[in-house]
Amino acid sequence: MKIFRDLLIGLLVPVAVLTGAAAEPLPLLSPAQKAYLAMPREQRKTFFGDEAKRKALAVNWHPQVVTIPVPAAGVFVLTEAGKEAEKSKTLTFNALSVTVPVYVLAEVKGGKLALGNLKIAAAYQWKCSGKQGVFTTEDLAPRLLKVDGVPNVRDLGGRMTSFGVRVKQGRIYRTARLNSDARATAPDGNAQTKDPSAAHQLEVLNALLRRFRAEREGKAPDANLPELPFAMDGKWVVFRSERKLTESDLMQLEKIKAIPQSLFGSKPETVSADRKYTFRFPAPKPGHTAIFFREFNSEKAGLMQIGFGADWYARIYCNGEQLFSTMARGNNTKRIGCSNYTVNLPVRKGKNLLVVPVGSGEKGWSLSLGPAKRHLSRAEVAKALYGKQKYEQRLVAVASGSFAAGECSFTPESLRYFTEDLGIRSDLDLRTDTECAGMTGSPAGAKVRWVHISSAAYRKMDSDFGKKAFAECFRLFLDGKNYPVAFHCSAGQDRTGSLAFILNGLLGVPEELLFQDWEATIFWNGNPDFGWRLIASLAETLGQYPGKNINEKIESYVLACGFTKEDVAKFRKEMLEIRK
């Protein structure tokens, strides 16, 4: 009951009020957030799986502010103890002049000065109209930051390490995306859709245009081409490969005309879907592929709409032709099911063969393929296949992959704060090429270097792709000229969380605090699809490396990515406070 009481208090108490000298450290996290972090790990895991509790916790994301009563006129000066020479800024509120460290947000309302984005475990002193005071902030990570328009922002630093020193604050920030993901556009630049599934659907229809026109060349358009009902039961044949498949391997699937007796060294298995048309297997080795086969008969030719989803990268071949792919962007949703995408299959009269290779994701091999929730009407399909030149031109333009960069997430003031007050020099973008399509630089402007490195997450950090991506990212952190750095993916939770886990682990942050940093995303995101199994898979993957604890194992992982102990020492020198 006490935990629920603290959670409720956390929604009602947004500030710490300072009326004089503060003997106790002032909290920057809400009582609800502190109550969560105080739970044992197993209790946090249970909380993590409770959607109602998570949504309640995610109501108040921004850090608490410290408030100080101030006069209507005069001069107020705040400094961080021992860092009086640090950069500051002066703000004017009518007749009151306020000078604060450059990273601090300050606002005056109702005779009180609200101070936000303070550092954790820091001592501050202030002077105002002959009065003075001191206060310290609580030594409890994470250090959350308010940057309007950009959610899930927090400092990577602030935690004590096993080396007995603290990770520096103000050097590396982890955030959500700085602009929205790319959107499909028509040739004139007007947005057609912000829904990736719609863009995929247009791509599929474009393939159907080519296919059916070739088959019916010289014949009159058939507006009554039948739409066939879903006619596949839940039984499939699957081959689970024991090795990683290359693009050359996958190209061979186009030539297969019947279910083989063996494939890439694997034997066939017969599997049945559950009532939601979904298959799930235990987690395989990262990057390996399961290949699903389904033969079915049709009494006539036509279009069969299917619903589709897979974990995480997949393709659909029908009768030897690739009609659909999520290889560029992944499944694009965590909740895998038949409602993720609608695909139109060109079905022949007689026997048909469906082949679906699925690259393993964080849930193992998972495939959903069943009846579709219709995206396009019969008339729209007929138009796309046989008629109306203007409709066809729009279809081809969008399906060709014409994208425009997403809209900037910042407000004018938060952009100024990000670039000038926080002084961000490097924007490390971990998103895919498709998510970043149309971008030529950082949404934060020309002064910020945009570094685009498409990254992996969780188990896939140990794949060839994941190690290569990590190595490219880590080189950025070895050069002091790149700091301060902000790194992010789309939501700032999976790819960002995996990289943050490794970086802080390499700096000697204890295991429990590594978990808590990843978990802190639920202070903002109440979606239950962001599940505990994900971080457990990363810890298990890194745990396979030699070492007495998670920090040593992470160091072994970094060395296996091609770095030296000297590189590790250089990174620690950049990011750890000097031992006093």
Qualifying positions in region 96-146 - under 19 Å from LEU156 (Cβ atoms) and acidic (Asp, Glu): GLU138, ASP139
Residue within region 137-154 that is at pLDDT below 95, touching a Pro at 6+ places or on another chain (Cβ under 8 Å) and of a type outside the set (A, V, I, L, M) present: no
Filter pass, PRO40 being over 21 Å from SER414 (Cβ atoms), modelled with pLDDT of 95 or more and either among the β-branched types (Val, Ile, Thr) or loosely packed, with under 14 Cβ neighbours inside 10 Å (or both): yes
Failed condition for ILE522, given (1) within 20 Å of ARG143 (Cα to Cα); (2) touching an Asp or Glu at 6+ places or on another chain (Cβ under 6 Å); (3) among the β-branched types (Val, Ile, Thr): (2)
Sole residue being within 20 Å of ASN504 (Cβ to Cβ) and touching a strand residue (DSSP E or B) at 6+ places or on another chain (Cβ under 7 Å), chosen from VAL100, VAL167: VAL167
Any chance ALA114 is in a loop (DSSP other than H, G, I, E, B) and either under 26 Å from SER97 (Cα atoms) or out of contact with any Ser or Thr (no Cβ under 6 Å at 6 or more places or on another chain) (or both): no
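Looking only at region 117-129, which residues are part of a loop (DSSP other than H, G, I, E, B) and touching an Asp or Glu at 6+ places or on another chain (Cβ under 8 Å)? Working first, answer last.
So the first thing to find is which residues in region 117-129 are part of a loop (DSSP other than H, G, I, E, B), and the list is 117-122, 129.
Listed by number, the residues that qualify are LYS119, ILE120, ALA121, ALA122.
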Considering residues of region 299-344 that are buried (at least 18 other Cβ atoms within 10 Å of the Cβ) and of a type in the set (Lys, Arg) only, the residue modelled with the highest pLDDT: ARG315
Residue within region 203-224 that is more than 16 Å from VAL347 (Cβ to Cβ), at pLDDT below 80, charged (D, E, K, R) and crowded, with 16+ Cβ neighbours inside 10 Å present: yes
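Rundown of residues vs (1) more than 22 Å from PRO268 (Cβ to Cβ); (2) part of a strand (DSSP E or B); (3) more than 22 Å from the chain's Cα centre (by Cα), yes/no style:
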position: PHE293; (1), (2), (3): no, yes, yes
position: LEU303; (1), (2), (3): yes, yes, yes
position: ALA314; (1), (2), (3): no, yes, no
position: MET327; (1), (2), (3): yes, no, no
Boolean, GLU577 is within 17 Å of LEU478 (Cα to Cα) and not aliphatic (A, V, I, L, M): yes
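The values are calculated or read from the model by the stated rules, or taken from the named source; none is laboratory data. Because the structure is a prediction, the values reported are computed rather than measured. Methodologically, a virtual Cβ is constructed for each residue, glycine included, from the backbone with ideal geometry; neighbour enumeration extends over all protein chains shown.
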